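Report on one structure; see the data block that follows.
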Amino acid sequence: MDKPKFRAWKKIRIQEMFNDVVRIDWLNNKIAIKYPNPGGNTFRIDEESLDNVILMQYTGLKDKNGVEIYEGDEIVGEYPNGKHFKGVVEYATDRAAYVVKTTNSWCPSPLEICKDCVVVGNIHENPELLNEVE
């Protein structure tokens, strides 16, 4: 991965996912988000307070359908031993790696298992999926 890539979940007022964070200004506590204008080929850039969003970093990995995998994504897949899993992608500082957290275990980095995994949602847009985590 060349440079960090983020998306942001707006957690106040109208909740929505912003997939194109173009700047993070830690000093002034703001992010800049690129929005497509209706009808097509133009866009605008708006600012949002970091207090109003949850940032999710791209892991540098894609699922078997080519979908980018971010922190907070819920994925389903199969371990190398054939057992199926469902979990949430998190960064584990003690492992310095992205892992999939299930209710009863941590599994290896998605780099090792994601060739056959699929992103099914994320914990912000689909919180009900957390109840289904094995």
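Here, each number is a calculation from the coordinates, and none is a lab measurement. All figures in this text were calculated on a predicted structure; none of them were measured in a lab. All Cβ positions, glycine included, derive from the backbone under ideal geometry; neighbour counts span all protein chains shown.
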Dimensionless Rg over Rh [segment 6-54; C-alpha; Kirkwood]:
0.98
Around GLY72, what is the net charge, scoring Lys/Arg as +1 and Asp/Glu as -1 over all other residues with Cβ under 10 Å from its Cβ?
-4
Over 27 Å (Cα to Cα) - which of LYS11/LYS83; LYS11/LYS34; LYS34/LYS101; LYS34/LYS86; LYS10/LYS83; LYS3/LYS34 fall in this group:
LYS11/LYS83; LYS34/LYS101; LYS34/LYS86; LYS10/LYS83
Based on alpha-carbon centroids, what's the gap between segment 67-84 and segment 1-43 in Å, whole number please?
25
Place a point 7 Å from Cα of LYS34 in the direction of its Cβ. Which residues in segment 52-77 have their backbone N less than 13 Å from it?
none
Based on the mean of other beta carbon atoms within 10 Å per residue, what is the order of 65-77, 18-30, 49-61, most packed first?
65-77, 49-61, 18-30
Stretched out fully, how many nm does the piece from ASN41 to ILE14 gain, at 0.36 nm a residue minus the Cα gap?
7.2 nm
